[in-house]
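The values are calculated or read from the model by the stated rules, or taken from the named source; none is laboratory data. Keep in mind that what you see is a predicted model, and the values were worked out from it rather than measured. In this analysis, Cβ positions are derived from the backbone assuming ideal geometry, glycine residues included, and neighbour counts consider all displayed protein chains.
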Amino acid sequence: MTGQTDQQRGYRAVSYKEHSDKDLVRLCLKSDERAARELVERFERPVFSLVYRMVRDRELAEDLTQEVFVRTFNNLQRYDRSYKFSSWLFKIAYNLTVDYLRKKQVKTISMHGSPDAVTPERQEATSLSLESDEESPDAMVEARELAGYLEDAIAQLRPEYRTAILLRHVEGRPYEEISDIMGVPLGTVKTYIFRARRELRDLLEDRWDEGDEE
Amino acid sequence: MNTNHQARTRHLQAEELETLAIPGDHRLPARSSAHVADCERCRRDVEELQTLHALLQALAPLQPVVGFSDRVMQHVRLPLPWRVRVLQAVRKHQLATAAAFAGAAAAVGVGLTWIARYPELTPMTIAAFLVQRFTAFVWSGVMEVGRFVYGSGVLETAQGIAGQVTPVSAFVAVATVTLIGLASFRILLSLMEIDPALVTSHLRLRRRVRG
Ligand SMILES: [Zn+2]
């Protein structure tokens with residue numbers, strides 16, 4: 001009897017983690033809250049990362065990410081299952097964030113925090129945390145510095161370039177999926193990524209050359 | 001010789017550079033790899049892309065605040081099954097529901113009053129009448145089918161077919177019956193609002209956990 005119960009418990013414990021995204025969506029359509037929570041936990045990090053690197057304000061990024069999930073679940077009946085769920089989620093995140101940026105017309109953003117941050121505490125709260133594990137203090141400082149330059153350079157790209165390069169190199173999404181997410185042809189995605197790389201290369205030129213000389 | 005020459009002259013396209021710089025499922029033709037070994041410019045392009053990719057990959061992982069999923073779940077409203085929607089509608093439109101019930105009750109009351117006017121209509125006579133009509137209906141249906149089968153020569157045809165059953169025809173028959181069975185199962189699942197894909201997924205998971 002005990003064995004049976006343990007087995008059942010094991011089954012329940014693995015079932016949500018082991019389900020595919022599309023199975024979880026099906027369960028959500030049957031009002032299964034645990035399935036919805038699993039989807040949120042599965043995708044909160046990548047969605048938040050993308051949104052944060054677009055708006056550079058932690059609080060705002062959390063609000064937008066929350067809105068992304070709320071909209072996703074509200075429109076779940078309209079989700080076309082021939083697409084990957086993550087593509088659809090990223091598409092909603094991209095549209096929402098770009099809409100926000102367009103409305104706010106946020107153009108240049110510093111790595112030292114959001115332009116919306118008015119007090120030093122708020123700036124501190126919104127600035128990036130550049131963590132690096134198990135490195136010597138010197139290497140850590142250098143890595144932090146370089147990451148800071150890179151984050152700053154990314155922030156200077158046009159939102160379209162920024163999204164495309166983040167999806168490609170940080171999230172590792174293939175070109176076709178990025179094209180679905182951004183709602184632009186494949187050729188345009190290639191152009192975005194090519195130009196984004198070139199701009200990053202130009203923006204990081206000094207650091208890059210220093211690195212080459214070493 | 002010619003291929004070797006081409007390999008030496010054609011620089012790599014953007015996609016080829018990416019295939020070399022970013023580890024993935026794709027593999028580059030030996031010709032292109034050979035070109036990189038010889039070409040300073042392409043080698044530098046690959047290295048540059050590798051560096052950029054590594055830098056971007058190494059960016060600090062970003063996490064929302066602890067308990068973020070709880071916060072999100074407080075705002076999420078999932079689509080509801082129809083039974084729950086009906087119950088909610090009833091709760092929301094209590095007056096309309098009460099009116100509908102009152103209407104239905106009134107209709108039943110009128111019907112009962114009408115029956116009461118005829119003393120010979122007792123519950124027993126009504127039930128007997130319904131049973132009799134129902135039996136007659138079913139029986140007439142059976143008779144109709146029998147008459148049709150007999151008249152159409154289906155019986156003779158069936159005898160003829162039985163005389164020449166081959167493995168192929170037997171297979172076709174079994175396959176047809178199986179397909180009809182599966183289709184009925186699917187219809188049953190959809191009537192019970194169960195997604196067939198979920199059934200297979202659950203079975204797969206259960207097998208994995210038990211095995
Ligand atoms: Zn070359």
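Suppose the filter is within 16 Å of the ligand (Cβ to nearest atom) and closer than 30 Å to A:Val55 by Cβ; does B:Gln74 pass it? Walk me through it before giving the result.
Working: within 16 Å of the ligand (Cβ to nearest atom): no; closer than 30 Å to A:Val55 by Cβ: yes.
So B:Gln74 does not fit the description; no.
Would you be able to tell me the number of residues in the range B:36-55 that are away from the ligand (no atom under 16 Å from the Cβ), surrounded by fewer than 19 Cβ atoms within 10 Å (Cβ to Cβ) and either of a type outside the set (Ser, Thr, Tyr) or within 30 Å of A:Glu59 (Cβ to Cβ) (or both)?
Residues flagged as away from the ligand (no atom under 16 Å from the Cβ), surrounded by fewer than 19 Cβ atoms within 10 Å (Cβ to Cβ) and either of a type outside the set (Ser, Thr, Tyr) or within 30 Å of A:Glu59 (Cβ to Cβ) (or both) within the range B:36-55 amount to 1.
Can you run down the residue pairs with Cβ atoms below 7 Å, 6 or more apart or on separate chains, where the first is in the range B:24-45 and touching a residue at least 24 places away in the same chain (Cβ under 8 Å) and within 14 Å of chain A (Cβ to nearest Cβ) and the partner is among the small types (Gly, Ala, Ser) and away from the ligand (no atom under 11 Å from the Cβ)?
Within 7 Å, no pair qualifies.
Residues in the range B:87-94: is at least one within 14 Å of another protein chain (Cβ to nearest Cβ) and either at pLDDT 90 or above or more than 16 Å from the ligand (Cβ to nearest atom) (or both)?
Applying the first criterion (within 14 Å of another protein chain (Cβ to nearest Cβ)) to the range B:87-94 yields B:87-88.
Checking which are either at pLDDT 90 or above or more than 16 Å from the ligand (Cβ to nearest atom) (or both) leaves us with B:87-88.
Yes, some residue in the range B:87-94 is within 14 Å of another protein chain (Cβ to nearest Cβ) and either at pLDDT 90 or above or more than 16 Å from the ligand (Cβ to nearest atom) (or both).
Here is a yes/no grid of residues against (1) farther than 21 Å from A:Phe48 by Cα; (2) of a type outside the set (Ser, Thr, Tyr); (3) over 17 Å from the mean Cα position of the chain (by Cα); (4) buried (at least 17 other Cβ atoms within 10 Å of the Cβ):
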{"site": "A:Asp152", "(1), (2), (3), (4)": "no, yes, no, yes"}
{"site": "A:Arg162", "(1), (2), (3), (4)": "no, yes, no, yes"}
{"site": "A:Leu167", "(1), (2), (3), (4)": "no, yes, no, yes"}
{"site": "A:Val170", "(1), (2), (3), (4)": "no, yes, no, yes"}
{"site": "A:Glu177", "(1), (2), (3), (4)": "no, yes, no, yes"}
{"site": "A:Thr188", "(1), (2), (3), (4)": "yes, no, yes, no"}
{"site": "A:Glu199", "(1), (2), (3), (4)": "yes, yes, yes, yes"}
{"site": "A:Leu204", "(1), (2), (3), (4)": "yes, yes, yes, yes"}
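Considering the range A:36-61 alone, what residues qualify as being within 10 Å of another protein chain (Cβ to nearest Cβ) and closer than 13 Å to A:Glu151 by Cβ?
Hits for the range A:36-61 are A:Ser49, A:Tyr52, A:Arg53.
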